[in-house]
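Undergrad: One structure coming up, written as structure tokens, with questions to follow.
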Amino acid sequence: MNCSRHVAAARIGSTWSALLMLTLLSGCTSDVQPIRYGADTCTECRMVVDQPRFATTILTPKGRTLNFDSIECLVQFFRATQSNYESMGHSRLLVSVDDTGKMIDVENAFFVRDETVRTPMGGGLIAFETIRPDAIRWHEVVTSHP
């Protein structure tokens, strides 16, 4: 085999390697990484996230996934960093709406405070996918939740 064939083979290999790397990197930043219940910790309070019903997640504009053990922790973190995320671009804020940990966008969720429900931070704030009596929306949670 002459040198031109080796060079051509190396170029093809390099091209495929570059395409594979781009594909892998682009996949890393577009999806929310699933919460590893019992292993991941809350970004705000550092407690272990172990109850799918109350978990929440932020996907940052740079593709980083931040997990929270409760809506209360998400609210505290969001209030403290809201201007940072607004200046960087769009972040996806997701909240669990059932015991399986099914996540939906906070803007589509309905929030209820129920003091009889023991949430990780004790605030009784829970989210639902469908409207409930006395439900409030995300903007009300952020502006009125203690």
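The values are calculated or read from the model by the stated rules, or taken from the named source; none is laboratory data. Predicted model only: the values in this text are computed from it and were never measured. Counting neighbours? That spans all protein chains shown, and the Cβs are built from the backbone with ideal geometry, glycine included.
Undergrad: Tally time: how many residues in the range 96-146 are part of a helix (DSSP H, G or I) and in contact with a helix residue (DSSP H, G or I) (Cβ under 8 Å, 6 or more places away or on another chain)?
TA: 5
Undergrad: Could you list, in sequence order, the residues of the range 28-40 that are in contact (Cβ under 8 Å) with a residue 24 or more places away in the chain and over 13 Å from the mean Cα position of the chain (by Cα)?
TA: Cys28, Tyr37
Undergrad: Now for a separate question. Is the range 106-118 home to any residue that is in contact with a Pro (Cβ under 7 Å, 6 or more places away or on another chain), at pLDDT 90 or above and not charged (D, E, K, R)? It would help to see each step written out before you state the result.
TA: Keep residues of the range 106-118 that are in contact with a Pro (Cβ under 7 Å, 6 or more places away or on another chain), which gives none.
There is no residue in the range 106-118 that is in contact with a Pro (Cβ under 7 Å, 6 or more places away or on another chain), at pLDDT 90 or above and not charged (D, E, K, R).
Undergrad: When you scan the range 79-87, do you find a residue that is modelled with pLDDT of 90 or more and either touching a helix residue (DSSP H, G or I) at 6+ places or on another chain (Cβ under 8 Å) or buried (at least 16 other Cβ atoms within 10 Å of the Cβ) (or both), even just one?
TA: Checked the range 79-87: no residue is modelled with pLDDT of 90 or more and either touching a helix residue (DSSP H, G or I) at 6+ places or on another chain (Cβ under 8 Å) or buried (at least 16 other Cβ atoms within 10 Å of the Cβ) (or both).
Undergrad: Let me ask something else about it. Out of the residues in the range 111-120 that are of a type outside the set (S, T, N, Q) and crowded, with 20+ Cβ neighbours inside 10 Å, which is nearest to Arg46 (Cα to Cα)?
TA: Only one residue fits best here, namely Pro120.
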